[in-house]
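Encoded as structure tokens, the structure appears first; notes follow it.
The values are calculated or read from the model by the stated rules, or taken from the named source; none is laboratory data. Predicted, not measured: the structure shown is a model, and the values here were computed from it. Positions of Cβ are backbone-derived with ideal geometry, glycine not excepted, and every protein chain shown enters the neighbour counts.
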Amino acid sequence: MEENFSSCLANNGFWQFCGEKIPLENFVKFSEFGSVKISPKGDYLAATTVRDGKQVLVVLQRDTMKLINVVQFDGDKEQVGGYNWVSKDRLVLQKTYMRGAYTQPSYHGELLGVNADGSKSQYLMGHKAGGKSLGASSKADALRASSLVLDPLVHDDNYFLAEVHPWLRKSGADRHSTVYLVDVYTGKRRKVTRSPAFNAQYITDGNGEVRFSVSSNDYIDQEVYKRDVETGEWTKFNNSFKHLSKITPRVIVDGEDNAMFVTASEDGAPIGLYKIDFEKIQLS
């Protein structure tokens, strides 16, 4: 192998692969699988792939790599979008709609649940709740909003946290989002908190508690909030971090309930990683 490499370098003046020629299609074709995720207990592997021009979700038994389930929709324009493991053997996935070849699918806020083996399929959240999808009708009320998995609560087999952003169809409509605790099997939900301002991004701690929010009433100036888990009240810290922009919450370090890591731009500089300490009111 060393001789082969040295020969290529000497003959061509630059490095090149000297083994079997790689077909050009390997560099331009779409990936066969994407968004590969292992289940919390390690029993299953899930991945997205394309079948008949639409994205589907496949689930394999990890120890044997045997295919045990394929999640797909019947409609010509309907396909699987993003997904999360919400327990050791259950998935929550987005239903998206195709708009044309190789364009970004549109998401209408619908979340559906299904077990790894394909059983107990359920429409959980969305504007079609009460109808049928994946062979089962929803027991929850319809939502004219976009629902996203905020925290899968993988250590809780029965619930996950969802953030719900209302559709703004009317002038003056309420733009506050809401976080719900959602039953992974029925879609029934309980309100956890309402955003302190518009266009909120949330972050939870290791116990699944909503701790911080970054919001913006005008899509330009962002406001940073900390939530008291006991009272549910939000405290604003905007004046302390107003020199930051393009703030995106990333993670809370276990045991540090008064701090979070964010990506942001400081005074117009390139985006970097920062730690916001709410107890000391400082940035590092």
**Criterion (in contact with a Ser or Thr (Cβ under 7 Å, 6 or more places away or on another chain), closer than 18 Å to Thr186 by Cα and not aromatic (Phe, Trp, Tyr)) met by exactly one of Lys120, Lys88** = Lys88
**Asked** Within the stretch 149-170, which residues are assigned to a loop (DSSP other than H, G, I, E, B), at pLDDT 90 or above and not hydrophobic (A, V, I, L, M, F, W, C)?
**Response** Pro152, Asp156, Asp157, Asn158
**Item:** Evaluation of Asp74 against (1) in contact (Cβ under 8 Å) with a residue 40 or more places away in the chain; (2) within 18 Å of Gly126 (Cβ to Cβ) (one fails), failing number
**Value:** (1)
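Being part of a strand (DSSP E or B) and of a type in the set (Phe, Trp, Tyr) is the filter; apply it to the stretch 43-100 and report the residue that is modelled with the lowest pLDDT.
Selected residue: Tyr97.
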**Asked** Can you spot a residue in the stretch 17-38 that is surrounded by 17 or more Cβ atoms within 10 Å (Cβ to Cβ) and modelled with pLDDT of 95 or more?
**Response** no
**Item:** Those residues of the stretch 180-200 which are more than 22 Å from Leu124 (Cβ to Cβ) and within 17 Å of the chain's Cα centre (by Cα), in sequence order
**Value:** Asn199
**Message:** Among the numbered criteria (1) free of Cβ contacts under 8 Å to residues at least 40 places away in the same chain; (2) in a strand (DSSP E or B); (3) under 30 Å from Asp157 (Cβ atoms), which one does Tyr274 miss?
**Reply:** (3)
**Prompt:** When both residues are 6+ apart or on different chains and their Cβ atoms are under 8 Å apart, which pairs have a first residue that lies in the stretch 88-110 and is over 11 Å from Lys54 (Cα atoms), and a second that is acidic (Asp, Glu) and modelled with pLDDT of 90 or more?
**Reply:** Lys88/Asp43; Lys88/Asp157; Asp89/Asp43; Asp89/Asp117; Arg90/Asp157; Gln94/Glu110; Lys95/Glu78; Lys95/Glu110
**Message:** Condition first: modelled with pLDDT of 90 or more and assigned to a loop (DSSP other than H, G, I, E, B). Can you find one or more residues in the stretch 247-263 that meet it?
**Reply:** no
**Prompt:** at pLDDT below 90 and either among the β-branched types (Val, Ile, Thr) or on the phi > 0 side of the Ramachandran plot (or both): does that describe Val182?
**Reply:** no
**Request:** Kindly indicate whether any position in the stretch 252-271 is among the β-branched types (Val, Ile, Thr), surrounded by 12 or more Cβ atoms within 10 Å (Cβ to Cβ) and more than 30 Å from His155 (Cβ to Cβ).
**Result:** yes
**Item:** Only listed residue being exposed (fewer than 15 other Cβ atoms within 10 Å of the Cβ) and at negative phi, chosen from Glu209, Glu223, Glu230
**Value:** Glu230
